[in-house]
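Student: Structure in structure tokens, see below.
Read the figures in this text as sums done on the coordinates, not as results from a lab. From a predicted model like this one, the values you see are computed outputs, not experimental measurements. Every residue, glycine among them, receives a Cβ derived from its backbone with ideal geometry; neighbour counts consider all protein chains shown.
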Amino acid sequence: MPICNPGRLGLLAAAVLALAGCGGEDTPVASGPQIIAAPPPPEALPDCAAIATALGDLVEGLVVVDEAGTRQQSPENYDLSCVWRGSEDGAALGTFIIVDQVPLTATDMQRAGMYVEDPRVSPLGGFVAIPDGLLDGNAPLGPVGPQVIVGPVTVTLASNGRGRAAEYTLDQAVDAAVAIHRLMR
């Protein structure tokens, strides 16, 4: 399966529009209670309220656009997205959970130059995928955030960079994505 399949690109493009409108070996499989052994079924994905709890201060003062979130399913994957907006400052923050039937691997991301090993993600058996394979934790979170990939489950956050969302960093996005992954354990 190509790294940038049309379904995945469509989801990410939709996320960006929603926010704007408002060669090596595979990583060794670890074991233990924090490692995903099988993907969660679609109905087991956390709801936006649970995700908001995991996000904590990031969504404080923001209002969820759709409490149920947006769910999509295809033969290749299923997903859930939740978006929060600030009515006073125009801030927007989105979370996206994608469960792939054929997951992206560390090898795929290394070949694409998008792989980053991160000590917050490694204990889960995963890695971070980000353009150019550079994760500057202090950089602002924008419409393309770091993807935290653990087995078949990818969690990413994105922001429109307006209002308080202009202060969100890539480190905060990775921490939040890890917290969302832990919700599914």
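Student: Where the centre of each part is set by its Cα atoms, how far does segment 40-115 sit from segment 131-162, in angstrom?
Tutor: 11 Å
Student: Highest mean first, what order results for 102-110, 123-131 on Cβ atoms within 10 Å?
Tutor: Most protected by this proxy first, the peptides run 123-131, 102-110.
Student: Let me ask something additional. Would segment 43-183 count as rounded, prolate or oblate if I go by the C-alpha gyration tensor, calling it rounded below 1.5 in a/c and otherwise prolate when a/b exceeds b/c, oblate otherwise?
Tutor: Oblate.
Student: Kindly rank 42-53, 150-161 from highest to lowest mean number of other beta carbons found within 10 Å of each residue.
Tutor: 150-161, 42-53
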